[in-house]
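Chemist: First the structure, which I've put down as structure tokens, then a few questions once you've had a look.
The values are calculated or read from the model by the stated rules, or taken from the named source; none is laboratory data. As the structure is a prediction and not an experimental result, all values here were calculated from the model. Backbone-built Cβ (ideal geometry, glycine too); neighbour counts: all protein chains shown. SASA here: full protein model, heavy atoms, side chains in, ligands and nucleic acids out. Shrake-Rupley method; radii C 1.70, N 1.55, O 1.52, S 1.80 Å.
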Amino acid sequence: MRIIEYEGLRLFSEAGIPTPRFSVVDEPERAVEAAKHIGLPVVLKAQVLVGGRGKAGGVRLVETIEDVRSVASRLLGSEIRGEKVRKLIVAEAVKHSKELYLSIIVDRASNRHLILSSMMGGVDVEELLKNHPEALIKVPIDPLTGLREWHTRKLAAHLNLSTNTSIQLQDIVRKLYNIYTQYCCDLAEINPLALTENEKFVALDAKIIVDDNAVRIKGFRFAEETGAESEAERLGLNYVELDGDIGVVCNGAGLTMATMDLIHTLGGRPGCFLDLGGGASSERVFTALKFLLNRPHIKLVFLNVLGGITRCDEVAEGIVRAFDEFGGSKKMVVRLVGTREEEGKRILESRNIEYYTRMLEAAEAAVKQAAKPI
Ligand code: GDP
Ligand code: MN
């Protein structure tokens, strides 16, 4: 899970890594107030999770209050690489003379953590690797023994820093490493790490990716998790939101993935991954369907169940309940086979709910119906 920039900057700030002063706003007038409070010039930064935000115009240096208002109005509600901008950061524009790159990643090839740094920050790290691979310094860390002083010293020495800046950088690396381990990160990146004219480091950007399993196991909570996914988690559903319009609900992650693949192959667009898990009760089926039928981007729900420990009659009862409460609001295509299949089908027939036995036929029907205008 990637964490939104402002929350990453807050984590930095709590850990003692210097950041610019900033406010998070969701209206142009709030941006104006924040800019007056912080003092001009300011940097307006769209809070989106897609990469390449700066290049796409999502980071703007602004000198006057009028420009704060107009740039904020333009950014808020716009889309950056398909992601809607709902919030902005208004940040103190930090004057700086150098931009460094600093990150810590999991290096699966060597089973190590890897600190990466370069005096050529600011640009994409991919670009850096392509054009100046020699400019990137790598220090591997054995996860069993962790970060030691010689790691940070080695890094600072390679970067040719002065004593003063070397001490500061080593301190920032230690603090970043603490965040990285505390939150089970796959990546903790500062790019750029600005060096001001009076030789102070300031983290201007925060990119943090937390291991998804750690988010579940440790129960981490972050701002801007897509609302739907957190809600689904509270309901105990395994749900991943996607940008298509067919809500895929199955029992078992394998079947769900296979169903999504099939929908895609047939030209449809899955709007989610929703796995009911094994042995779903009618209550659980109902909860899942209710949740999905309320998702605005879902046009049609495709329920594909292969009953093993899951009983088709339980599933059918859940479907009927959802149908009774929300029937007609959205289309539903059902495929039901396996344990207590006949009982399940009788329950569906009693309400004239159409069902399929063959997965391919059902998927074809789902894709065809989703393609029709509502
Ligand atoms: P990204 O494109 O999403 O990585 O956005 P960044 O936050 O890294 O910003 C892109 C570029 O904008 C940086 O490399 C900086 O050159 C510039 N920038 C970002 N924040 C500030 C700031 O506070 N002050 C100044 N002067 N420049 C900034
Ligand atoms: Mn950046």
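Chemist: When you check residue 349 against the structure, is it open to solvent by 70 Å² or more (accessible area, probe 1.4 Å) and over 16 Å from residue 289 (Cα atoms), yes or no?
Modeler: yes
Chemist: If you don't mind, there's one more thing I want to ask. Inside region 5-18, can you point out the residues that are part of a loop (DSSP other than H, G, I, E, B), within 15 Å of ligand 1 (Cβ to nearest atom) and surrounded by fewer than 22 Cβ atoms within 10 Å (Cβ to Cβ)?
Modeler: 18
Chemist: Right, here's the next one. Quick check: anything in region 127-136 over 24 Å from the mean Cα position of the chain (by Cα), buried (at least 20 other Cβ atoms within 10 Å of the Cβ) and in contact (Cβ under 8 Å) with a residue 24 or more places away in the chain?
Modeler: Looking through region 127-136, none of the residues is over 24 Å from the mean Cα position of the chain (by Cα), buried (at least 20 other Cβ atoms within 10 Å of the Cβ) and in contact (Cβ under 8 Å) with a residue 24 or more places away in the chain.
Chemist: Sticking with this one: If you take the residues of region 113-125 that are outside any loop (DSSP other than H, G, I, E, B) and within 24 Å of the chain's Cα centre (by Cα), which of them is surrounded by the fewest Cβ atoms within 10 Å (Cβ to Cβ)?
Modeler: 114
Chemist: Determine whether region 81-93 contains at least one residue that is within 16 Å of ligand 1 (Cβ to nearest atom), in a strand (DSSP E or B), within 24 Å of residue 18 (Cα to Cα) and open to solvent by 40 Å² or more (accessible area, probe 1.4 Å).
Modeler: The answer is yes, given that some residue of region 81-93 is within 16 Å of ligand 1 (Cβ to nearest atom), in a strand (DSSP E or B), within 24 Å of residue 18 (Cα to Cα) and open to solvent by 40 Å² or more (accessible area, probe 1.4 Å).
Chemist: If I ask for residues that are within 11 Å of ligand 1 (Cβ to nearest atom), of a type in the set (Val, Ile, Thr) and either surrounded by 18 or more Cβ atoms within 10 Å (Cβ to Cβ) or part of a strand (DSSP E or B) (or both), which ones from region 22-61 would you list?
Modeler: 38, 42, 43, 48, 59
Chemist: Also, quick follow-up: Considering every residue within region 211-234, establish whether at least one is within 22 Å of residue 124 (Cβ to Cβ) and of a type in the set (A, V, I, L, M, F, W, C).
Modeler: No, every residue in region 211-234 fails to be within 22 Å of residue 124 (Cβ to Cβ) and of a type in the set (A, V, I, L, M, F, W, C).
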